Amino acid sequence: QVQLVESGGGLVQPGGSLRLSCAASGSIFSINAMGWYRQAPGKQRELVATITSSGSTNYADSVKGRFTISRDNAKNTVYLQMNSLKPEDTAVYLCNGEIETTYRVFYDAWGQGTQVTVSS
């Protein structure tokens, strides 16, 4: 099985910064795209940012200029650097990865999520 584990969430004041990490483990042959999603109470899950295996990125308009997604392919890890955080960024952030196992089966893998709370 493959697994994604997020870390780095917590409580931060408005205007502050936080860096999330998501590490993939298991019988991994390759990882294509990876991304971050978030879901706030009473709201639908939304895409935050994605990154391809070659490093091409895409961001939601609401986070452009403030968030940066990156990855370390050697560590099978994707990061989300969040700057200038706003209260509306408060949500559970979930990591997603399109993972090909050593058995050449693709998984749309999800992490458990990490809570980010932006509040004074």
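The values are calculated or read from the model by the stated rules, or taken from the named source; none is laboratory data. Note that the structure is predicted; figures quoted are calculated from it, not measured. Using ideal geometry, Cβ is built from the backbone for each residue, glycine included, and neighbour counts are taken over all protein chains shown. Side chains included, ligands, DNA and RNA excluded: accessible areas come from the protein's heavy atoms. Shrake-Rupley method; radii C 1.70, N 1.55, O 1.52, S 1.80 Å.
The figures follow:
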quantity: Total residues in segment 63-87, condition at pLDDT 95 or above and either out of contact with any strand residue (DSSP E or B) (no Cβ under 8 Å at 6 or more places or on another chain) or among the aliphatic types (A, V, I, L, M) (or both); calculated: 9
quantity: Residues within segment 45-61 that are polar (S, T, N, Q) and surrounded by 14 or more Cβ atoms within 10 Å (Cβ to Cβ), tallied; calculated: 4
quantity: Any chance residue 16 is in a loop (DSSP other than H, G, I, E, B) and in contact with a Leu (Cβ under 9 Å, 6 or more places away or on another chain); calculated: yes
quantity: Hits in segment 22-44 - residues which are among the small types (Gly, Ala, Ser) and either open to solvent by less than 30 Å² (accessible area, probe 1.4 Å) or assigned to a loop (DSSP other than H, G, I, E, B) (or both); calculated: 24, 27, 35, 40, 42
quantity: Hey, residue 114 β-branched (Val, Ile, Thr), open to solvent by 70 Å² or more (accessible area, probe 1.4 Å) and touching a residue at least 40 places away in the same chain (Cβ under 8 Å) or not; calculated: no
quantity: Odd one out for residue 68, checked against (1) of a type in the set (Ser, Thr, Tyr); (2) closer than 16 Å to residue 109 by Cβ; (3) crowded, with 16+ Cβ neighbours inside 10 Å; calculated: (2)
quantity: Residue match in segment 11-21 (condition: open to solvent by 30 Å² or more (accessible area, probe 1.4 Å), among the charged types (D, E, K, R) and out of contact with any Cys (no Cβ under 7 Å at 6 or more places or on another chain)); calculated: yes
